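**Q** Encoded as structure tokens, here's the structure I'll be asking about.
Any read-out appearing in this document is the output of simple, stated calculations on the displayed coordinates, not a laboratory observation. The structure displayed is predicted, hence computed values, not measured ones. Don't worry about glycine lacking a Cβ; one is built from the backbone with ideal geometry, like all the others, and counts go over all protein chains shown.
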Amino acid sequence: MRLISALVASMLLLSGCGTSTSDRAISGAGIGAAAGAVVGAVTGLTVLQGVVLGAASGGLIGGLTNASTVNLGKPIWASADQPANAAAVSRVQAGLTRLGYNPGPADGVLGSRTKSSIEAYERDHGLAVNGKPTLELAQHIDKQLQREQKG
């Protein structure tokens, strides 16, 4: 019973991995699935039943927490730490320049000036501010450029 209690406590703590609700829900589900597999193996449940129950409870717990409750930082699996596609960054940089922002040269490098320009654009247009050069952002910038050309 101590093993189960320790696993549940670990799952509760580690489900806080991530700075966003979705990060914490995904982390919680993964950690819950792993803990559930162990619980299933040492109890009357099957391993699969333990995985399913653990993933569901860990995901729920992670999704119900917020950064002020538990925040262990960005999860190791988060793609935000991976370099952005240089072509996408260049496209966003070029569009921001045409719209009067100053992201620096359209060189495909996501530096501090580009990130600050993205954040300013996102704020100015009522978008969620994350400073990331996503496909959705590039499309939004393209639409804005089209509006300005027509008007």
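**Q** When Lys and Arg each count +1 and Asp and Glu each count -1, what net charge do the other residues less than 15 Å away from ALA106, Cβ to Cβ, add up to?
**A** Numbers: positive: ARG91, ARG98, ARG113, LYS115; negative: ASP107, ASP142.
Spelling it out: positives minus negatives among the neighbours equals +2.
**Q** By counting other Cβ atoms within 10 Å of each Cβ, how are LYS132, LYS143, LYS150, LYS115 ranked from fewest to most? Before the final figure, lay out each step's value.
**A** Details: LYS132 19, LYS143 10, LYS150 6, LYS115 15.
Result, fewest neighbours first: LYS150, LYS143, LYS115, LYS132.
**Q** Taking the Cβ-Cβ separation of ARG147 and LEU64 as r and a Förster radius of 41 Å, what is the calculated FRET efficiency to the nearest 0.05? Mind showing how you got there, number by number?
**A** On the way: r = 40 Å, r/R0 = 0.98.
Computed FRET efficiency for ARG147 and LEU64 comes out at 0.55.
**Q** Report, please, the projected area of region 82-150 averaged over directions, based on the convex hull of its C-alpha atoms, in nm².
**A** Mean projected area of the Cα convex hull: 4.1 nm².
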